[in-house]
Every structure is written in C-alpha cells, then in structure tokens.
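The next block holds one structure in the form of structure tokens; read it before the comments.
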Amino acid sequence: MSQNSTSTGPQRPLSPFMIGPYYRPQLTSMLSITHRATGVFLSLGSVLLVAWLVAAATGAESYASVQAIMGAWYGQILLLGWTYAMFFHLCNGIRHLVWDAGYAFDLKNVYRGGYLVVIGSVLLTAGAWALACA
Amino acid sequence: MSLRSPLSRARGLGSAKDGVGHWIWQRLTAVALIPLTLWFVASVVMNAGADYSAMKAWVATPYVAVLLAIYLATLFHHSQLGLQVVIEDYIHTKWINLSLLLLVKFSHVLLAAAGIFAVLKIALGTT
C-alpha cells in the first residue's frame with residue numbers, strides 16, 4: 001500500500017503512471033487497465049445477479065419487476081455491457097494465468113494473446129446474444 | 001509447487017505481513033470461475049425467455065442449486081480480492097482507503113449470503 005502521495009511523507013520522485021501524457025497508448029497497457037475496469041464493472045453487475053435471485057425467492061411480483069428492468073432498453077444495454085465485460089475479463093484472465101504459469105511472456109506472444117483476447121471477447125459476446133435471441 | 005524463496009519461507013509473511021495468501025486465492029478462485037462462469041452464462045442463454053416457474057424449477061434442480069451456491073461464493077471472494085487491490089493501488093487517503101476496504105468486505109459477505117440464501121430458499125421449496 002503506497003502512501004507516498006500523502007502530504008506528511010517525504011516527496012520522493014515518482015515514475016509517471018502508464019496511462020497519461022508520458023507514455024504512448026499501447027495494446028498492452030490498454031488491456032491491462034481494461035482488465036481492472038471490467039473487473040470493477042463486473043463487481044457492480046454481481047449486485048444485479050443477487051437482486052435477480054432474491055427477487056425470484058421473494059415471489060412472482062418481485063421477479064416480474066426485476067425482469068421488467070432487465071428487459072427495458074437500459075437493462076438490455078447494461079446486460080450487453082456486462083456480457084462483454086465478463087468475456088473480456090474471462091479471456092484476459094486466462095492470458096494472465098498463462099503468464100503466471102511462466103508461459104508466453106515474450107513481446108511477440110504478449111501481443112498475440114492481446115489481439116486474441118480482443119477478437120475472442122467480441123466473438124463470444126456476439127455468439128451468446130445471437131443464441132439468446134434466437 | 002511453491003512460489004516462495006527459502007528466505008521468504010523462513011520468514012513466512014513477506015513485506016505485506018500476510019504472506020502470499022491473497023495472490024494464491026485470487027488465482028485459485030479465477031481458475032474455479034472459468035468453468036463456473038461458462039456454465040452459468042450457457043445456462044442463462046439456453047433458458048432465455050423462460051417464465052417465473054421455469055426459472056424456479058431450474059434453480060431447484062439439485063446440481064444447479066449446488067453449482068449456483070458455489071458460483072456465488074467463488075465469485076464474491078474473487079470480486080472482493082480484486083476490488084481490494086484496486087482500492088489499495090489508487091486510494092491514497094488513509095481513512096477513505098480503510099472505509100472503502102471495510103465497505104467492500106462487508107457488502108461482499110452480505111451479497112454472497114443473500115444470494116446463497118435465495119438459491120437455498122428456492123431449491124428447498126419454501127418460496
């Protein structure tokens with residue numbers, strides 16, 4: 001836990017943050033911050049998952065009101081966003097687990113895996129919604 | 001397999017004073033969530049458009065109820081560990097940092113308990 005930016009401590013020089021004016025945006029840094037952003041977004045989405053289950057356990061009326069929210073245009077946009085965030089976090093999470101196991105950590109494979117995550121998450125989202133709407 | 005150096009093993013706790021438990025649990029829950037998430041999404045996709053009684057019948061299926069309970073417990077553990085790291089990395093004001101960490105921990109226990117209770121209530125037929 002870094003406490004360097006508090007006013008009481010000594011003001012040591014800091015390396016600039018990877019997202020900002022000092023570094024050119026790259027696939028690697030963008031996927032890294034997107035992994036965190038989708039993780040936070042999915043945590044918010046899990047509240048809806050619990051609301052859906054609790055409503056079902058409460059009764060038909062509660063369940064219908066939650067279904068109405070998820071069926072409305074804003075609910076559908078949120079569900080589409082959560083589907084994509086989930087597939088992105090899943091694909092990129094597997095990429096991270098491969099690195100943790102000690103593989104594919106050279107520059108070429110880091111980029112190859114990155115493009116695979118971008119394409120894979122879009123295809124999986126499109127496939128899931130195509131099947132759900134069919 | 002051990003990821004710890006001999007010195008780290010001798011000390012046992014590392015610089016954060018709580019060892020590598022957080023790192024290991026984040027990976028362990030991540031691995032578990034791969035099949036659980038794929039199963040849950042596939043089930044929701046296949047049951048899209050189902051009415052209230054069909055949804056309850058699905059949740060009440062014994063293996064579904066068990067998997068849903070495990071999914072909720074794993075999901076909220078993983079979510080808590082991830083949000084903790086984000087808060088620790090970006091929130092540098094001590095009291096806000098601590099307040100958010102407590103809020104995240106408490107709310108995740110509450111959400112996991114509520115979700116699992118709802119599954120059990122439907123599965124045991126008391127709705």
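The values are calculated or read from the model by the stated rules, or taken from the named source; none is laboratory data. Just so it is clear, the model here is predicted, and its values are computed rather than measured. Every residue, glycine as well, gets a Cβ built from its backbone with ideal geometry; the counts of neighbours run over all protein chains shown.
List of remarks:
- For segment B:59-80, the set of residues classified as of a type in the set (Gly, Ala, Ser) and buried (at least 19 other Cβ atoms within 10 Å of the Cβ) consists of B:SER79 only.
- Of the residues making up segment A:45-66, those that are more than 12 Å from B:ILE122 (Cβ to Cβ) and facing another protein chain (nearest Cβ under 8 Å) number 6.
- Scanning segment B:16-37 for residues that are of a type in the set (A, V, I, L, M), more than 15 Å from the chain's Cα centre (by Cα) and surrounded by 14 or more Cβ atoms within 10 Å (Cβ to Cβ) yields a count of 1.
- Qualifying helices (runs of 4 or more DSSP H) (wholly inside segment A:1-104; at least 3 residues being of a type in the set (Val, Ile, Thr) and surrounded by fewer than 12 Cβ atoms within 10 Å (Cβ to Cβ)): none
- For B:LYS56, the conditions (1) free of Cβ contacts under 8 Å to residues at least 60 places away in the same chain; (2) out of contact with any His (no Cβ under 8 Å at 6 or more places or on another chain); (3) buried (at least 17 other Cβ atoms within 10 Å of the Cβ); (4) at the interface with chain A (Cβ under 10 Å from one of its Cβ atoms) are fulfilled apart from (1).
- Taking segment A:20-63 as the range and being more than 17 Å from the chain's Cα centre (by Cα), among the aliphatic types (A, V, I, L, M) and more than 30 Å from B:ASP51 (Cα to Cα) as the test, no residue passes.
- Per the listing B:LEU111, B:LEU101, B:LEU81, the residue uniquely under 24 Å from B:ALA30 (Cα atoms), facing chain A (nearest Cβ under 9 Å) and part of a helix (DSSP H, G or I) is B:LEU111.
- Residues satisfying the stated conditions in segment A:119-134, i.e. exposed (fewer than 13 other Cβ atoms within 10 Å of the Cβ) and more than 13 Å from chain B (Cβ to nearest Cβ): A:ILE119, A:LEU123
- Exclusive hit being among the aliphatic types (A, V, I, L, M), modelled with pLDDT of 95 or more and either over 15 Å from the mean Cα position of the chain (by Cα) or surrounded by 18 or more Cβ atoms within 10 Å (Cβ to Cβ) (or both), set B:LEU83, B:LEU110: B:LEU83
- Of the residues in segment B:61-77, at least one is outside any helix (DSSP H, G or I) and either within 25 Å of A:LEU49 (Cβ to Cβ) or within 11 Å of chain A (Cβ to nearest Cβ) (or both).
So that you can scan it fast, the table gives a plain yes or no per residue for (1) hydroxyl-bearing (Ser, Thr, Tyr); (2) at positive phi; (3) out of contact with any Pro (no Cβ under 8 Å at 6 or more places or on another chain):
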| residue | (1), (2), (3) |
| --- | --- |
| A:TYR23 | yes, no, no |
| A:LEU31 | no, no, yes |
| A:THR58 | yes, no, yes |
| A:TRP73 | no, no, yes |
